[in-house]
Amino acid sequence: MRKQMEGDNQRRRALARQARSQGQRPSGTGASLGATKQLTSLDQRRRNGPAPAGRHKPSSTNGGPAPPPVGIPESSRPIPDGAPTSATTISYQDLVTDVGRRSGVDFSTAKVGATATVLTLARTLGAAERGRLLAAVPSRLHDIIPVDGIEDRPDLPGFLAEVGRLSGRTPEQARYQAAATLTALADRDADLVESLHVPEELTDLLTPPEPGGGVIGAAAATPPLDEGQLREELVRLPYWSGDRHGLSRTVELPTENLGRVLDRLDQLRRQTGRGPSIGQPDRTTAVLTVATSRPRGASEVTGPDVDLAHAVDDAIDEVGAGMAG
């Protein structure tokens with residue numbers, strides 16, 4: 001056995017010298033293995049060829065080429081002509097949340113209303129301005145419904161009807177959604193909104209609704225709540241009373257607590273652009289009224305007024321936890 005090992009070692013050294021003379025590493029020929037094992041391994045390689053694929057990672061030392069080095073491109077990929085060169089800086093979450101605050105609805109409803117408004121507005125614009133608008137707003141507001149499938153309605157009644165159709169709301173409710181969306185966009189990118197050639201009849205939507213339910217033009221009006229609808233809504237508004245011309249709620253509290261409530265309602269108006277009309281006959285009493293003003297001084301109760309009444313109740317409940325006894 002000793003003689004065999006010595007013979008193996010001699011042969012190994014000979015193979016190593018041969019490999020070095022040919023510019024190869026001894027390990028590449030199997031000469032670095034100990035004694036008999038290296039010869040057996042070398043013979044098997046010659047007879048069987050390379051190891052089956054998948055059993056060993058190919059490299060320069062086990063029968064396969066070394067992985068290529070990571071390439072570094074000399075220049076970046078060219079941008080196709082007409083492709084947007086910058087991403088929007090308007091946050092989807094912040095924008096939709098703001099639209100919800102301004103229109104007094106939850107996030108899901110605000111998302112649908114904002115989407116309907118952006119798509120309908122884009123349809124009224126020329127190709128260049130449309131592309132600029134869609135590149136600036138979050139893609140989640142326009143990546144599902146193609147703009148070409150929207151009806152082009154540049155007049156105010158038609159615009160609100162299309163926004164309402166897409167969002168499943170009445171034209172009157174659509175007005176709040178559209179106004180909230182456009183004013184929220186203007187707050188975030190005034191230059192963008194000013195640069196768009198918005199049809200003249202739609203510019204009124206850039207003005208926030210008036211407190212107390214808002215002003216709805218005669219051409220965009222929808223029927224107010226009828227008696228049956230009003231009774232159903234008042235069941236869900238136990239603190240409110242009234243008729244088809246307006247709803248009111250009386251709040252009687254100690255002066256300090258009433259002041260906190262009125263401050264919170266002022267905050268609601270600043271956040272949403274909407275708030276109740278407030279009368280204060282004395283220091284401990286406030287009368288809150290919601291109604292939609294009509295042309296010639298008339299007023300009626302509409303869906304947005306009911307939404308506002310619920311928002312007022314929520315605001316009062318919110319501040320109630322911190323009231324003094």
*Can you confirm whether the range 203-212 contains a residue that is at pLDDT below 90 and closer than 13 Å to Val301 by Cβ?*
yes
*in a loop (DSSP other than H, G, I, E, B), touching a Lys or Arg at 6+ places or on another chain (Cβ under 6 Å) and surrounded by fewer than 15 Cβ atoms within 10 Å (Cβ to Cβ) - does that describe any residue in the range 144-151?*
no
*Kindly provide the set of residues from the range 280-306 that are open to solvent by 30 Å² or more (accessible area, probe 1.4 Å) and assigned to a strand (DSSP E or B), ordered by number.*
Gln280, Pro281, Asp282, Val287, Thr289, Ser293, Ser299, Glu300
_Filter the range 125-134 down to the residues that are over 14 Å from the mean Cα position of the chain (by Cα) and either among the aliphatic types (A, V, I, L, M) or surrounded by 20 or more Cβ atoms within 10 Å (Cβ to Cβ) (or both) and list them by number._
Leu125, Ala127, Ala128, Leu133
_Subset of the range 155-200 (residues that are open to solvent by 20 Å² or more (accessible area, probe 1.4 Å) and among the charged types (D, E, K, R))_ = Asp155, Arg165, Arg169, Arg175, Asp187, Arg188, Asp189, Asp191, Glu194, Glu200
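Give the residue that is surrounded by the fewest Cβ atoms within 10 Å (Cβ to Cβ), with candidates limited to residues of the range 237-279 that are among the small types (Gly, Ala, Ser) and assigned to a loop (DSSP other than H, G, I, E, B).
Initially, the range 237-279 is screened for residues among the small types (Gly, Ala, Ser), giving 241-242, 246, 248, 259, 273, 275, 277, 279.
Going one step further and asking which of them are assigned to a loop (DSSP other than H, G, I, E, B), we end up with 273, 275.
Numbers: Gly273: 22, Gly275: 24.
Selected residue: Gly273.
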*Out of all the residues in the range 98-151, which are farther than 27 Å from Leu268 by Cα and among the basic types (Lys, Arg)?*
Arg123, Arg130, Arg132, Arg140
*asked:* I'm trying to understand the selection: among the residues of the range 250-275, which are touching a helix residue (DSSP H, G or I) at 6+ places or on another chain (Cβ under 7 Å) and modelled with pLDDT of 90 or more?
replied: Val251, Leu253, Arg260, Val261, Arg264, Leu265
_Taking the conditions exactly as written (more than 23 Å from Arg102 (Cβ to Cβ), in contact with a strand residue (DSSP E or B) (Cβ under 9 Å, 6 or more places away or on another chain) and of a type in the set (D, E, K, R)), does Arg283 satisfy them or not?_
no
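The values are calculated or read from the model by the stated rules, or taken from the named source; none is laboratory data. In this text the structure is predicted, and so the values were computed from the model without any measurement. Counting neighbours? That spans all protein chains shown, and the Cβs are built from the backbone with ideal geometry, glycine included. Only protein heavy atoms, including side chains, enter the accessible area calculation; ligands, DNA and RNA are left aside. Shrake-Rupley method; radii C 1.70, N 1.55, O 1.52, S 1.80 Å.
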